[in-house]
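One structure is given here, and the rest of the page talks about it.
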Amino acid sequence: MTEHTRRQFLSASAGLVVAVTLPLPGRAQSGAAAILGQDAPTQGDFAPNAFIRVAPDDTVTVLIKHIEFGQGPYTGLSTLVAEEMDADWSQMRAEAAPANAELYANLFFGMQGTGGSTAMANSYMQMRKAGAAARAMLVAAAAEEWGVPAGEIEVAQGVVRHGASDRSARFGELAERAAGMTVPEDPPLKDPGQFKLIGTEVQKLDTKPKSTGQATFTLDVYREGMETVVVRHPPFFGGRVANFDPAPAMAVPGVVAVREIPSGIAVYATSTAAALKGREALDVEWDDTEAETRSSEEMLQAFSEAAAAETLVAEEAGDVDGALEGAEQVIETEFRFPYLAHAPLETLDAVIEMRDGVAELWMGSQFPSLDKPTLAQTLGVDPSNVIINVMFAGGSFGRRAQPDAHLAAEIAAIAKAAGRNGSWKLLWTREDDLHGGYYRPMTVHRMRGGIDAEGNIVGWTDVLANQSIMAGGPMEAMMDKGLDPTAYEGATKMPYDLVNFRTSWARMESPVPVLWWRSVGHTHTGYATEVFLDMLLEAAGKDPVQGRLDLLRADAGRDRAVLERVAAMAGWDGQRVKGDRGYGIALHESFNTYVAQIAEVSNDNGMPRVHRVWCAVDCGVAVNPGVIRAQMEGGIGYGLTALLYSQITLLPGGRIAENNFDDYRMLRINEMPAVEVEILDTDHDPSGVGEPGTPPIGPAVGNAWRALTGQTVTRLPFTVGVQS
Amino acid sequence: MKMWKVSTVALIAILSAASSGWSEEVNGLRTVDEFDGFTDETARSQALFEEMAKVIQHPRCLNCHPADNTPRQGMEMRIHEPPVVRGDSGFGAPGMRCNTCHGSENVDYVSGDGSIPGHSPWMLAPIEQAWIGKTVAEICAQIKDPERNGGRTLAELHEHNAHDGLVGWGWTPGEGRESAPGTQELFGELTNAWIEAGAACPEG
Amino acid sequence: MYNLTVNNREVSVDVPGDTPLLWVLRDELRLTGTKFGCGVAQCGACTVMMDGMTRRSCVTPIEMADGAFVETIEGLDTPESQAVQAAWVANDVPQCGWCQSGQVVSATALLTEIPQPTDDDIDNAMAGNICRCATYQRIRKAIHDAASTLEG
């Protein structure tokens, strides 16, 4: 989500905030139990609200409304609850909340969903209030049981204590009585100075099961009599089935059915291996009359031409045309970015079970509020009879956040085509994943910058051409004047005082579906703006760090602070090359989190080898510094893979060239730089960390490479760009 | 593969070192009798080795005879992905030996095209038998040198080329891979003829 | 019918001979700790121990594993595996977690052969295990920590 989008979500859902903050009389129940009203919490449980359940065995279970795929909400949101409850960390547990938009909406979206690095930001007050309410009720229960004033009772590390009478009780012992207490409407919250858990590195709640093979993901769900299904999708985007012969697939032992569904040909089998073999045997003829048959090269050329023609202005100030005309020196360049697949290591998958009009889904659903109506509509069942179990997901990076709910639609179509009670597991292979679209949009940036005789930047234009992520789906309503901010975010609202500038956009069309990819528009705007700025500063004879500091607006204090911090961390002394190493810097804010990075790079047979990365981040209050550092490390590794290796290529005719990790290369352990992260100590409300670590690494390495070799790589990935 | 029996033309082809196609070939490799026209035994032996080199320098063979510590893959001889190292005895590193992925035979992928190659054993050729980046003359000298050919006599070398299983894998490389030229039988015959003609090495 | 030992349990499975060991472990034996990531031995998520060596189960037809001794993440129980898993937890290594079973198996195999690995040893053993979340820095540290624990 962009800033712009989030604010719209926020204003649209402002009325809900209070109501949703502590939903009542919701009870903290997971999965099917909550939806079907069965299996209410066991006798003696205390569920003060929809987020917390205290059991007689003293465990506190927090229902997490955000999907966990490594970015840390299970731990982060539980920390908020434990903090305000004064619980002991060892008694905390986390479970996925069921799909219920009223109880578990993302307060920035007004629907249940995860994205835009909002999990912590939108939950910060809500989960603290939930914890504070639970604490107040436990205290009230103790006061009643002991006949003492509530004001004299203290709580610490999961123990409720009355000092004067030397009485104490654990949460579990008070749970039953607490359940009968009045829920406080506005329980007091701690001052940040009183925090005991927030700001510490508590052990992540999902670490142990994920280190022992015990964590249950979607693919690990096995239902009685379940069949495995794989789907042959069209080999080009916008293609359709013309003809198919199910016979060769049906001849494979274990294959039980072959059905045409809207997304392709589904092969049903009693085992995964049989389904895969059946699909290999399938004979399908495709119709490409409405398909994208241009190659990537042809598309890039068309995008480049479009960026030279008439475009929509996204943001402008001053008289940029006049400024460029009067400039002493004008620098022009064009950056080209390929389509990128997210390639989460767990491919897309889902399990569905049909039981007499009830549909139960197990899936790494990132937008349960969109997946649910899609299932209901496709299957013709009432939404109240759709159960969604939000599973641990093996990564997403945006891929599971599907505005068109295409995966839910596909598994629903599979169940519908079977036309009976039963259960089915849908598996996408890696080839399906890389061929499957929903890519980071292919993008062209045409940039012009002007410098005056004193070396000041006097004009800056950036024209982008790419497809819109938001157009044509439920998000289109949020587009204003035909503009999709996800297309160019990061090339607008820059922290620099550029005086005369213009950012504009040419919207491209193609049947190739596009989607947000870890940091969305910032994936390319971060590279284009920060590398281009480096070029201008160099032309003006300015130091990359001091030049940026001098350009920062007066109100860009957070940008300034991370830039100064990272320069200090790396011992920046103005030397861009030392020995065989080059150094490059980049600064980029995304999702209200400010990140600056410096990369140390050498030339390894014509490709950059990144040895070290220094990273300074300001994400407001650091709820769990360990999670923040991990997300910076991971965001850097993810961005580095894309920068160096990744491209999805349409061949002439529209087929995809890349098939698997041998030709869609991933960064490996021997290529991972040593990453050093420092978190600025600020008191801003917490902002997200899942995405903002990614945008700066590309330009930091790109600028280090420029320093070292003199080559500005304008075509990504580097494997292609260093040749051109 | 098609075969032609047009000996006159073939002789011209040999003498003019013209491209194959007119001579008697099996899978792109000329048969031994195509070298009958030589009067000079040394020249004939050299020509036979040049023919053997079509096999030796084919990516199916070169990829596992690197001069550094990592095998190559594919006709373009790219660096092996995932990255792997020679390790002790050419079997890879502790934690990731060659047989972590390569089994006792080729295995077709269940989904998608291609296969993962396999044979028992599956290993890199020793570093002293490095061929990548070497001239045919250099490779020939290495092959004849017992210090650098695994202590083999010429007879043992013939046996190796004609019957070794891992050498033979070059002609049964599995789905998605082009085989080495000729057949292992023909490669053995060429080796034998080369030895009998004096095992001369090409100059250069 | 193929017979093998999985986590010290003798099992017989009646599946076609070309069925990958990965899908036998998951679909037939319900040992779901071993993951699918690529199907072509590129990512290492499916790594198990077979006859004492690491093995990518996605490219291991069951007929090739007939009579083999297989250990999965669920069955690892040696001083090395315990040290590795303790270090994984202490360093909060996993993010999404999908690759981590394979990472733990490879790291355990490395430490079983090389008790005090260098960074190069770690690269050589672990470069076949992709982590899309890029937890590599923590994997490296956790392996060194586990080595220290084992040294005592």
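Just so you know, all these numbers are worked out from the coordinates, no wet-lab data involved. Since we're looking at a predicted model, the values are computed, not measured. Please note: Cβ atoms are built from the backbone with ideal geometry, for glycine as well, and neighbour counts cover all protein chains shown.
If r is the Cβ-Cβ distance from A:E454 to A:N605 and R0 is 30 Å, what FRET efficiency results, to the nearest 0.05?
0.15
If packing is taken as the average number of other Cβ atoms within 10 Å across a peptide's residues, how do A:187-195, C:58-66 rank, most packed first?
C:58-66, A:187-195
With n ≥ 4 as the cut-off for DSSP H runs, can you work out [θ] at 222 nm for chain C, using -39500 (n - 2.57) per run divided by the number of residues, rounded to the nearest 500?
Helix-only estimate at 222 nm: -10500 deg cm²/dmol.
At what distance in nm do the modelled label points of A:E509 and A:E325 sit from each other, each positioned 7 Å from its Cα along Cα→Cβ?
Distance between the two pseudo-spin positions: 3.5 nm.
Can you give the Rg to Rh ratio of chain B, both from alpha-carbon atoms, with Rh computed by the Kirkwood formula?
0.99
Once the Cβ-Cβ distance between A:A317 and A:E102 is put in as r, and R0 is 41 Å, what FRET efficiency do you end up with, to the nearest 0.05?
0.45
Amide H to amide H under 5 Å from A:N106: which residues, 5+ apart in sequence or cross-chain, H placed 1.01 Å off N in plane?
Residues meeting the criterion, in which the H sits 1.01 Å from N, are A:M111, A:Q112, A:G113.
Evaluate the relative contact order of chain B (contact order divided by residue number), counting alpha-carbon pairs under 8 angstrom at least 6 apart; express in whole percent.
26 percent
Given the peptides B:178-190, A:248-260, A:581-593, arrange them by the average over their residues of other C-beta atoms within 10 Å, most packed first.
Those peptides, ordered most packed to least, come out A:581-593, B:178-190, A:248-260.
In square nanometres, what is one fourth of the surface area of the convex hull spanned by the alpha carbons of the protein assembly as shown?
48.0 nm²
Using a 10 Å cut-off around each Cβ of peptide A:50-58, what is the average number of partner chain Cβ atoms that fall inside?
0
Give me the distance in nm between label points sitting 7 Å out from Cα along the Cα-to-Cβ direction at A:E176 and C:N3, one decimal.
It is 5.5 nm.
Label-point separation (nm) for A:D382 and A:T200, each offset 7 Å from Cα along Cα-to-Cβ?
4.8 nm
When the helix-only estimate is applied to chain B (DSSP H runs of n ≥ 4, each -39,500 (n - 2.57), divided by the residue count), what is the mean residue ellipticity at 222 nm, nearest 500 deg cm²/dmol?
Helix contribution divided over all residues of chain B: -9000 deg cm²/dmol.
Can you give the FRET efficiency for A:E564 and B:I79, using 1/(1 + (r/R0)^6), R0 = 45 Å, r = Cβ-Cβ distance, to the nearest 0.05?
Efficiency computed from Cβ-Cβ geometry: 0.65.
Ignoring everything except DSSP H segments at least 4 long, calculate the 222 nm mean residue ellipticity for chain A; use -39,500 (n - 2.57) per segment, divide by total residues, nearest 500.
Computed mean residue ellipticity for chain A: -9000 deg cm²/dmol.
How many Cβ atoms of partner chains, on average, are near each residue of B:81-94 if near means within 10 Å of its Cβ?
Rounded to a whole number, the mean comes out at 5.
Summing +1 for each Lys or Arg and -1 for each Asp or Glu, what net charge is found among the other residues whose Cβ lies under 13 Å from the Cβ of A:V381?
Local charge sum for A:V381: -1.
Could you calculate the contour length gain from A:V159 to A:A657, that is, 0.36 nm times the residue separation minus the distance between their Cα atoms, to one decimal place in nm?
Full extension from A:V159 to A:A657 adds 173.2 nm.
Over chain A, what is the mean sequence separation of C-alpha contacts under 8 Å (at least six apart), divided by residue count, expressed as relative contact order in percent?
In percent, rounded to a whole number, it is 14.
Place the peptides C:137-146, A:284-293 in order of packing, highest mean first, counting for every residue the other Cβ atoms within 10 Å and averaging per peptide.
Answer by packing, highest mean first, reads C:137-146, A:284-293.
Can you put A:V613, B:V85 in order, fewest other beta carbons within 10 Å first?
Starting with the residue having the fewest Cβ neighbours, the order is B:V85, A:V613.
Within 10 Å of each Cβ in C:68-77, how many Cβ atoms from other chains are there, averaged over the peptide?
For peptide C:68-77, the averaged partner shielding equals 1.
Label point 7 Å out from A:A309 along Cα-to-Cβ: which residues of the stretch A:493-534 have amide N under 13 Å?
Only A:506-509 fall inside the zone, counting backbone N under 13 Å.
Please report the relative contact order for the stretch C:79-151, taking Cα pairs under 8 Å with a sequence separation of at least 6, and give it as a percent rounded to a whole number.
About 50 percent, as a whole number.
Please give me, ordered by residue number, the trypsin sites (Lys or Arg not before Pro) of the stretch C:23-76 that lie in loop per DSSP and have at most 13 other Cβ atoms within 10 Å.
C:R30
In whole Å, what is the distance between the alpha-carbon centres of the stretch A:418-471 and the stretch C:16-46?
33 Å
What does the net charge come to around A:S271 if you take all other residues with beta carbon closer than 10 Å to its beta carbon, with K and R at +1 and D and E at -1?
Around A:S271, the surrounding residues sum to -1.
Calculate, in nm to one decimal, what B:E41 and B:R148 gain on full extension: separation in residues at 0.36 nm each, minus their alpha carbon distance.
Computed gain between B:E41 and B:R148 is 36.0 nm.
Considering every pair of different Cα atoms, what Kirkwood radius, in Å, is found for the stretch C:2-71?
Computed over the stretch C:2-71, the radius equals 11.6 Å.
Give, in nm to one decimal, the length gained when the segment between A:T270 and A:Q214 is fully stretched (0.36 nm per residue of separation minus the Cα-Cα distance).
Gain in length upon complete extension: 17.7 nm.
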